[in-house]
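The block underneath contains the structure these notes are about, expressed in structure tokens.
The values are calculated or read from the model by the stated rules, or taken from the named source; none is laboratory data. On a predicted model such as this, the values are computed, not experimentally measured, just so you know. So basically every Cβ, Gly included, is an ideal-geometry build from the backbone, and we count neighbours across all protein chains shown. These area figures cover heavy atoms from the full protein model, side chains too; ligands, DNA and RNA do not enter into them. Shrake-Rupley method; radii C 1.70, N 1.55, O 1.52, S 1.80 Å.
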Amino acid sequence: MSVSAWDLTLYAGGLFVLFLTPGPVWLAVMARAMSGGFPAAWPLALGVACGDILWPLVAVAGVSWIVSEIAGLMEVLRWVASAMFLFMGGMLLRHADARIEANSALTRPGLWAGFVAGIAVILGNPKAILFYMGVLPGFFDLTAVTHLDIFAIVVLSFLVPLVGNLCMAGLVHRVRWHITSPATLRRINIVSGCLLIGVGCLIPFV
């Protein structure tokens, strides 16, 4: 292996910070956990983790080099991601009183429905795209990684979000009966919306 255990530890820490940053995955996990409990949320968490395998592979395959070579592309991606977070936050605030419907596209019952929803959420997540395309190359020299290095990176990219999202799903499952009242849901939506807007405002400057 060309990467050290310390490099991988730092990368795992970066993945954990990525998990802690509010975004579409947070909302998806919370929505499924509140509508159907942990049994409804774990397939989504697995789908998210499987989708997370794609981004480091794409980065290693050379997209990160392309991004670094095309002047202004990362800046455009940052502003697009910022706009998406601001839009999602604004929509949450606008519909803060909306209840979570059990049969919506995101919370539709079924293992396969949850798994597919997880993959869709992570593949369209601007936060993940920016991290893997712009930040991952800062942890490793992608021109020198071996197959074993790539395997270790992919395993961490799978395990860290999976464990984090499963823990979140379990926590929401335990308290969901206490947070399903309209007033509580409204407060959650307002806080989540404000967090998303805050992240959207910060993205262009990081």
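On full extension of the chain, what length is gained from LEU57 through VAL76, given 0.36 nm per residue of separation minus the C-alpha to C-alpha distance? Result for the pair: 4.6 nm of gain on full extension.
Seen from GLY193, the other residues with C-beta closer than 11 Å to its C-beta sum to a net charge of +3, counting Lys and Arg as +1 and Asp and Glu as -1. At the residue level, SER2 shows approximately 70 square angstrom of accessible surface with a 1.4 angstrom probe and all protein chains present. A simple spin-label model places the labels of LEU148 and ILE190 5.5 nm from each other, with each point 7 Å out along Cα-to-Cβ.
Stretched out straight at 0.36 nm per residue, the stretch from VAL163 to PHE87 would grow longer than its current Cα-Cα span by 24.6 nm. Working note: Karplus 6.51/-1.76/1.60 with θ = phi - 60° gives region 86-94 the couplings 4, 5, 5, x, x, 5, 5, 5, 5 Hz, where Gly and Pro are set to x.
Once the Cβ-Cβ distance of ALA12 and LEU171 is raised to the sixth power relative to R0 = 25 Å, the FRET efficiency obtained is 0.75. Between ASP141 and LEU111, the C-beta separation translates, for a Förster distance of 35 Å, into a calculated FRET efficiency of about 0.35.
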